[in-house]
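The values are calculated or read from the model by the stated rules, or taken from the named source; none is laboratory data. The structure presented is a predicted model; accordingly, all values stated were derived computationally and were not measured. We place every Cβ from the backbone using ideal geometry, glycine too, and count neighbours over all the protein chains shown. Only protein heavy atoms, including side chains, enter the accessible area calculation; ligands, DNA and RNA are left aside. Shrake-Rupley method; radii C 1.70, N 1.55, O 1.52, S 1.80 Å.
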There are 2 protein chains.
Amino acid sequence: MSHFDIPAGFRFAGLASGIKKSGKLDLALICSDQPAATAGVFTQNKVYAAPLQVTKPRIAGGVCQAVLINSGNANACTGEAGLQVAQQTSQLVAKQLNIDEELVALASTGVIGVQLPIIPFEQNMDKLVDALAEDRALVVAEAIMTTDAYSKVASARFSDGEKAYNILGLAKGAGMIHPNMATMLGFVLTDAAIDAQFLDSALRQAVKKSFNSITVDGDTSTNDTVLLLANGAAGGKKIEPGSEAAQAFVQHLERVLLDLAKMIVRDGEGATKLVEIKVQGAESEDAARTAAKSVATSSLVKTAFFGEDANWGRIISAVGYSGIDVDQNKIDIFFNQVAVTKDGLSTGPELEAEATEVLKLPEFTVTVELNQGDTCSSYYTSDLGYEYIKINADYRT
Amino acid sequence: MSHFDIPAGFRFAGLASGIKKSGKLDLALICSDQPAATAGVFTQNKVYAAPLQVTKPRIAGGVCQAVLINSGNANACTGEAGLQVAQQTSQLVAKQLNIDEELVALASTGVIGVQLPIIPFEQNMDKLVDALAEDRALVVAEAIMTTDAYSKVASARFSDGEKAYNILGLAKGAGMIHPNMATMLGFVLTDAAIDAQFLDSALRQAVKKSFNSITVDGDTSTNDTVLLLANGAAGGKKIEPGSEAAQAFVQHLERVLLDLAKMIVRDGEGATKLVEIKVQGAESEDAARTAAKSVATSSLVKTAFFGEDANWGRIISAVGYSGIDVDQNKIDIFFNQVAVTKDGLSTGPELEAEATEVLKLPEFTVTVELNQGDTCSSYYTSDLGYEYIKINADYRT
């Protein structure tokens with residue numbers, strides 16, 4: 001575990017409880033020695049799962065001490081029965097840890113519309129809590145996976161000039177994958193002392209540029225959850241908003257979340273490429289973002305990436321129908337440093353051939369220069385190929 | 001041609017001018033004996049082609065007599081040079097027909113970013129005009145095609161109680177197909193006498209429920225154009241808004257456009273299914289439409305259709321993230337008459353098996369009942385399968 005920066009005062013555990021028929025790890029617990037200031041962001045999907053119905057109001061209180069996660073079943077579209085099971089799991093872990101139930105957060109990921117069984121929780125809660133240890137974060141990262149090809153962990157270390165603090169992020173997700181499986185979970189822990197209110201604004205800002213700027217297929221799940229816990233266990237002074245330490249915290253938090261977000265895109269179903277769509281020279285950040293998202297979610301653009309085709313026509317068209325105001329005669333488009341479009345016109349066959357070479361890389365940047373202002377925004381996307389269809393349409397064969 | 005209702009006073013011609021290297025038909029002309037009241041709707045894409053730059057202001061005047069169309073080249077992203085060529089083609093046809101240039105409308109479809117050559121127009125204008133005849137509408141339908149598998153023609157006949165009128169629609173389109181090829185063109189002709197203002201509102205209403213309610217891959221092109229010409233050549237009384245004759249006109253116009261729109265979806269790249277997504281019980285038509293579009297454009301929903309999987313979880317999730325206000329506990333979902341979801345919960349394995357049988361049909365309806373109001377809206381979509389990827393990513397191999 002020495003290559004990740006583990007924050008002090010957190011313990012981790014994971015095991016196979018039988019929710020997954022495969023027998024793989026499917027139950028995880030993150031616990032802070034003391035209650036931690038907490039912020040959370042959740043899916044905007046109005047159809048949201050039972051664990052979020054329990055967790056959202058609790059996180060609004062700004063404090064959390066334990067996060068219980070299961071994979072293999074999203075406990076979504078399960079009605080009253082599902083909500084009751086969620087509440088029971090919360091009671092079980094609170095009792096075992098001897099903490100207030102209001103300090104427990106829940107997350108689930110997996111099949112939608114199938115009732116979550118309570119027995120795996122009843123039969124394994126003591127074992128799970130007994131297994132809590134400081135060096136088991138990677139077990140949690142594995143236990144929260146559904147069809148991820150690999151676990152997603154990122155960390156950073158920052159200083160306030162006197163003390164060093166760690167930030168650890170654990171995530172799962174790869175687009176809305178396989179039948180009825182929910183998408184993106186992120187758990188970010190730090191041993192710095194930070195108020196819940198500042199945590200909340202820092203998280204929202206960092207999520208905007210990371211988890212909310214990625215797309216594998218454009219769908220947002222019934223279960224997306226990102227939680228940020230700060231327990232102050234490193235012992236340093238509270239980090240105040242506006243201070244240099246706060247800046248360092250936010251910068252490193254953004255980097256950890258962006259690293260995780262990119263891992264999610266790279267692991268996107270059937271993805272062979274990670275592409276940054278960077279729109280710059282926009283009149284506003286909203287405009288830049290809207291245009292970037294439009295390009296990043298275009299099926300035609302994504303299939304062109306898969307086909308390694310430097311197809312700027314589809315890109316400029318996606319910018320054009322995004323809804324923002326643009327002057328097509330001012331638009332320049334680049335694949336990495338290669339300009340394929342200048343003032344809305346082709347730059348010719350030689351540069352297009354150079355751009356085709358860029359398309360062969362597993363990662364590259366498409367820059368769309370609008371020449372209308374000075375704000376920019378990036379969206380990260382994957383290509384769209386046969387594997388996506390196979391995974392999402394043929395999984396039963 | 002006897003199976004289509006051809007409006008009086010229109011003539012048609014089409015030929016191969018050499019724009020298409022394949023030697024296929026690529027130049028078409030529709031001409032009214034007299035100037036016709038005209039309405040048009042055009043792509044909302046802010047990156048729009050030279051022919052639209054010429055045509056839009058002219059159609060705003062409400063009169064048109066000739067429509068010149070080429071396929072094989074969209075004359076889009078061609079800058080000042082492209083605009084000049086468009087204007088030259090307009091001058092050529094106006095001269096050959098001996099009509100005012102302002103009465104000429106242009107449309108192009110094909111490759112984006114490649115200059116449109118003027119020579120094919122110069123060399124063929126006299127032949128094209130000479131070939132104009134009342135029974136050549138199907139030649140036009142073929143000459144405007146790009147990668148359409150078949151030409152798209154629909155017609156209707158309606159009466160004002162005294163006289164019968166014909167409506168003929170010619171269209172092309174199948175999603176934004178092949179590299180840089182533009183999408184949807186529609187030309188609708190009638191021999192009824194109708195003012196341009198009423199034509200405009202009738203067209204907008206009819207397009208909303210047809211061409212603007214279809215999606216193959218969600219992209220809207222640089223060239224989409226629909227023109228509606230009414231030349232009064234049947235000789236009857238002018239049809240006034242609010243009259244029964246006006247109602248009959250609008251009804252039949254909507255049906256013609258919907259027939260064409262469905263043909264476009266069925267011809268969608270790689271499409272094996274035409275699916276109507278009908279959202280009902282919504283609080284407003286906008287809400288119904290937003291939800292229907294969200295479901296219709298979801299890659300996960302479309303791949304499920306391809307895989308013949310009655311996957312309601314993806315459908316309810318797409319409704320949930322559409323942005324409208326919904327109560328997940330009130331949502332019912334049907335595949336044709338088979339209910340798979342009631343009050344946001346699964347109706348069980350037997351009904352899911354019945355629904356799977358529905359998925360095997362080439363056409364079916366998914367009904368989402370929101371139980372929140374009494375408005376409904378439909379969107380038409382195709383499935384998403386391997387062929388779409390092949391066509392859009394592998395076309396060069």
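Take the Cα of residue A:24, step 7 Å along the line toward its Cβ, and report every residue of the stretch A:67-98 whose backbone nitrogen sits under 13 Å from that point. Counting only backbone N, you get A:71-73. Magnitude of the charge dipole for the stretch B:102-192, about its Cα centre and with charges confined to Cβ atoms of Lys, Arg (+1) and Asp, Glu (-1), is about 360 debye.
Taking the inverse of the mean reciprocal distance over all distinct Cα pairs, the Kirkwood hydrodynamic radius of the protein assembly as shown comes to 28.2 Å. Distance from the Cα centroid of the stretch A:262-297 to that of the stretch B:59-77 is 34 Å (rounded to whole angstrom). Comment: the Cα-to-Cβ extended label point of residue B:83, at 7 Å, lies 6.0 nm from its counterparts in the other copies, nearest first. With the simple model of a label 7 Å out from the Cα in the direction of the Cβ, residue A:286 to residue B:327 spans 3.1 nm. With R₀ set to 51 Å, the beta-carbon distance separating residue A:247 from residue B:87 gives a calculated FRET efficiency near 0.35. Basic side chains Lys and Arg get +1 at the Cβ, acidic Asp and Glu get -1 at the Cβ, and with that the dipole of the stretch B:274-393 about its Cα centre reaches some 400 debye.
Interface between chains B and A: roughly 4500 Å² of accessible area buried, both sides summed (probe 1.4 Å, protein heavy atoms only). Using only Cα coordinates, the Kirkwood hydrodynamic radius of the stretch B:9-73 works out to 13.4 Å. Provide the FRET efficiency to the nearest 0.05 for the residue B:336-residue A:80 pair, computing r from the beta carbons and using R0 = 25 Å. About 0.30, to the nearest 0.05.
Only Lys, Arg, Asp and Glu carry charge here, each on its Cβ (+1 for the first two, -1 for the last two); on that basis chain B has a dipole of about 860 debye about its Cα centre.
The alpha carbons of the stretch B:10-266 stretch over 50, 42, 29 Å along the principal axes, in descending order.
If R0 is 45 Å, the Cβ-Cβ spacing of residue A:119 and residue A:237 corresponds to a FRET efficiency of close to 0.45. Surface composition of the stretch B:216-303: carbon plus sulfur atoms contribute 43% of the solvent-accessible area (1.4 Å probe, protein chains only, all chains present). Of B:30, B:59, B:118, the residue with the greatest mean-square motion in the GNM of chain B, using alpha carbon springs below 10 Å, is B:118.
Apolar share of the accessible surface for the stretch B:1-114: 49 percent from carbon plus sulfur atoms, 1.4 Å probe.
With its label point defined 7 Å out from Cα along the Cα-to-Cβ axis, residue A:161 lies at 8.9 nm from the matching points of the other copies, in increasing order. Within chain B, DSSP assigns beta bridges of which about 70% are antiparallel (rounded to the nearest 5). Each copy carries a label point for residue B:371 at 7 Å from Cα along the beta-carbon vector; from one copy to the others these points are 5.6 nm apart, nearest first.
Most tightly packed first, judged by the mean number of other beta-carbon atoms within 10 Å of their residues, the peptides B:154-161, A:265-272 read A:265-272, B:154-161. What does the charge add up to near residue B:17, with Lys and Arg as +1, Asp and Glu as -1, over the other residues with Cβ less than 11 Å from its Cβ? Here the charged neighbours net out to +1.
With both labels modelled 7 Å from their Cα along Cα-to-Cβ, the residue B:350 to residue A:361 distance reads 5.9 nm. With both labels modelled 7 Å from their Cα along Cα-to-Cβ, the residue A:60 to residue B:101 distance reads 6.5 nm.
Peptide B:293-304 has a mean of 5 when you count, residue by residue, the C-beta atoms of other protein chains within 10 Å of its C-beta.
DSSP assigns beta bridges within the protein assembly as shown; of those with both partners inside it, close to 70 percent run antiparallel. Count Lys and Arg as plus one, Asp and Glu as minus one, and take only other residues whose Cβ is under 15 Å from that of residue B:54; the net charge is then -2. Among residues other than residue A:171 with Cβ under 13 Å from its Cβ, the summed charge is -1 (Lys and Arg +1, Asp and Glu -1). Restricted to Cα atoms, the stretch B:274-393 shows a radius of gyration and a Dmax of 13.6, 43 angstrom.
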